[in-house]
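Asks: Mind having a look at this structure? Questions to follow.
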Amino acid sequence: MIVDLIDVKNFLQIETDITEHDSVISALIESVHRRIERECNCIFITKGEVIPTDNKRYFVAEADVKLAIKILVCNLFEGRGSGEIPSHVEVMLHPFKEHAIG
């Protein structure tokens, strides 16, 4: 995963020694990661990870993608998320989306 549990707990301002929500947060991280990959029609990998040669679109997840994941997890965890990707997160993901011409 490009964003781990500790990163998200810090973003949510949850002490790392409080573990009662860890399984929920971990599930949300995985779900959001898959969601943005489907949304962008690509696979995000970590820096230094070997890019497979299987003709799929791969991008190294930079800070903006990691922040987008944290924001979406936060929205869902805190119960404010509608399931839609907020416009400010769309802006962060826009450069990674495929854009058809014509």
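A short reminder: the numbers here are calculations on the coordinates, not readings from a lab. Since the structure is predicted, the reported quantities are computational estimates derived from the model, not experimental observations.
Asks: Quick one, which of (1) 19.4; (2) 14.4; (3) 14.8 is the actual Kirkwood radius over Cα pairs in Å calculated for this model?
Replies: Correct label, based on the coordinates given: (2).
Asks: Angle between the Cα long axis of helix 63-77 and the longest principal axis of the chain, 0 to 90 degrees, nearest 10?
Replies: On a 0 to 90 degree scale, this one is about 50.
Asks: Moving on to the next point. Relative to the longest principal axis of the C-alpha atoms of the chain, give the angle of the C-alpha long axis of helix 22-40, reported between 0 and 90° and rounded to the nearest 10°.
Replies: Rounded to the nearest ten degrees, it is 20.
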